[in-house]
Structure formats: structure tokens, C-alpha cells
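One structure is given here, and the rest of the page talks about it.
Each reported figure results from applying straightforward, stated rules to the coordinates on display, with no laboratory input. Treat the numbers as computed from the prediction; the structure is a model and nothing was measured. Here the Cβ is made from the backbone with ideal geometry for all residues, glycine too, and neighbour counts use every protein chain on show.
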Amino acid sequence: SIDQPAISVTGLAKSYDAVNAVGPVDFSIEKGTIVGLLGGNGAGKTTTIAMILGLVLPTAGSIRVLGHDMLTDRHRVLHRINFESPYVDMPMRLTVRQNLTVFAGLYGVGDAKGRVAELAESLDLTEFLDRPSGKLSAGQKTRVSLAKALINRPELLLLDEPTASLDPDTADWIRGTLDRYRRERNATILLASHNMPEVERLCDDVIMMKGGKIVDRGAPKALISRYGRSNLEDVFL
Ligand code: ATP
């Protein structure tokens, strides 16, 4: 129903032997919003996203996505979500077209050919469609990853540092594309970032993580006035 959050986690935790990677954390994310997980190296962002996706099994807690229990009913909801994560590499020997066609097939996209062409057009990839993915520049690879992440028109998109190591213009362009996608489809986006300007540009709300815990949450403007723009990264990252 309309009122169900896109994501809701309760008591979510992951530990590796003596290392507490995440939690326990509780948070929920409303549909149609873009929320950032902001934190420095080792804050637990990647592990949190990987648990929501089912790539990492939690030590404790529950995860609901679009009204379904992800630990027991993941198969009911996987076709409605998508992601970009360093946990999953793109096959570099396949051409861009082959890559996107494979993912379109995995997601059961009806008109795979048309969808691949449409995404290539909107992500400025048409001229690279028949090039091996491994031969692309970093910015072009990111656009292919994004095309893959949008192939099934997901209601929920999880992204792990989508603009890391890109030049500022490409990063801005990617952010604009994500924002436009959210607006056009009222989609929900959860993204990990350690980049305050990025979350300021994109996010309605920011969850700040440190040492696997949530230390604060608020709109970017509110956090900036609470901590001071220049302190913000130093305080938390
Ligand atoms: P980064 O920006 O470096 O990816 P992060 O916020 O995404 O940081 P995580 O990758 O989630 O942080 O890691 C959180 C903590 O869990 C770190 O201390 C990390 O060393 C630890 N950790 C993550 N994966 C494993 C693993 N497979 N085995 C042992 N420890 C792990």
C-alpha cells in the first residue's frame, strides 16, 4: 500500500567474529525519497546495503522492502528493485549491448532490445554499445552500471558510491540522471556516499554512520546548520 515504507530495518546487525561491522541499526525510508548513507571508510555503509540486497546475511535483525520480508520473501520483490554494488562486477569481456541484454533477460524485461536502446540513448552510450565493457573509461563504465541498474525500471534503487572516482562533470551528470529518474517514476533511492556535496545535491535525508552505528539523521541543510558545513566531514568521516 501507499503508506508502506520502501525500506524498513529493525535491529539490523552484522558481525564478523569479533568485528562488529554494523549495528544494531533501525531506520526506515519513505517511498519517493532519496536517502544517503554518509560515513567514512569502515562506517558500515557497504555492509548495510549488501544486507538489504541479500548479498550479506545479517547476524541479527529484520529487513522489509516494499512490504516484503527480505530474509524470507526476497523472491517476491527482487524484480522491483535493482542496485549497483562493488560486490558484483560487470563481465568486462562482454560488449555493452551484451551486458545490458543479459541483465534485461535476468529481469524479464519485455522488450529487451528497445529498453537497451532507450537506456543507451538516455545515458549517452549508443556509440559504445558494441565495445567490450572492459575497454571503456571509468565514466563510461559507470554509465553502463547505471543502465544495468535501471534496466527493469526499479521502484527502489540501491547504489554504493555511484560517483566515486569520477571527474566532477561526469559525477554531476550522473546525479542529475538519478534525480530525474526518481522524479519521473517516484522511485526510491538509497545511496552510500562519503561525499557531502553529493548528498547535498541529491538527498532529501541523510543517515550518518560511524563505527557501524547511526549517529544522526536529517535533511542535508539541517545537518549543515547543526554541525557547520566545514566540520561535517571532519566530525563524522
Ligand atoms: P568503505 O567506504 O570503506 O566501503 P563502509 O562504510 O562501506 O566503508 P563496510 O565495508 O561496510 O564499511 O565495513 C564495515 C566494517 O566491517 C569494517 O570495519 C570492515 O573492515 C568490516 N568488514 C566488512 N566486510 C568484512 C568481512 N567480509 N570480513 C571481516 N570484516 C569485514
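Net charge near I49: determine it from the other residues with C-beta under 11 Å of the C-beta of I49, scoring Lys and Arg +1 and Asp and Glu -1. In short, -2. When only the Cβ of Lys, Arg, Asp and Glu is charged (+1, +1, -1, -1), the dipole of the chain relative to its Cα centre reaches about 340 debye.
Distance from the Cα centroid of the stretch 73-113 to that of the stretch 9-47 is 24 Å (rounded to whole angstrom). Distance between the C-alpha centers of the stretch 115-129 and the stretch 182-213? Whole Å please. Value for the Cα centre distance between the two parts: 26 Å.
Can you tally the net charge around P162? Count Lys and Arg as +1, Asp and Glu as -1, for every other residue whose Cβ sits under 10 Å from the Cβ of P162. Combined, the nearby Lys, Arg, Asp and Glu give -3.
The trypsin sites (Lys or Arg not before Pro) found in the stretch 86-124 that occupy coil by DSSP, while having at most 14 further C-beta atoms within 10 Å, are R93. Beta-bridge orientation, the stretch 115-237: approximately 50 percent antiparallel, per DSSP, counting only bridges with both partners inside. Relative contact order for the stretch 28-145: 19 percent, from Cα pairs under 8 Å spaced at least 6 residues apart, divided by residue count. Sorting 70-82, 152-164 by their mean Cβ neighbour count within 10 Å, with the most densely packed peptide first, gives 152-164, 70-82. Remark: the Cα gyration tensor places the chain in the prolate category, a/c being 1.5 or greater and a/b exceeding b/c.
Of K113/K141; K14/K135; K141/K221; K141/K210; K31/K148; K148/K210, which ones are farther than 28 Å apart at the Cα?
The answer is K14/K135; K141/K221; K141/K210; K148/K210.
Note on the chain: dipole from Cβ charges, positive end direction compared against G44, V77, L146; the farthest Cα belongs to V77. Lys and Arg at +1, Asp and Glu at -1: add these up for the other residues within a Cβ distance under 13 Å of T126 and post the number. After counting each charged neighbour, the total is -2.
In the chain, the DSSP-assigned H stretches of four residues or longer account for a calculated mean residue ellipticity at 222 nm of -10500 deg cm²/dmol, using -39500 (n - 2.57) per stretch and the full residue count as denominator.
Given their separation in residues at 0.36 nm each and the Cα-Cα distance between them, V19 and K135 gain 38.0 nm when the chain is fully extended.
Annotation: for a label point projected 7 angstrom from Cα along Cα→Cβ of K31, residues of the stretch 44-69 with backbone N closer than 18 Å are 64-69. Here the dipole of the stretch 30-157 is about 180 debye; that uses its Cα centre as origin and unit charges on the Cβ of Lys and Arg (positive) and Asp and Glu (negative). Peptides 224-232, 101-109, 49-57, ordered by how many other C-beta atoms sit within 10 Å of their residues on average, highest first, read 49-57, 101-109, 224-232.
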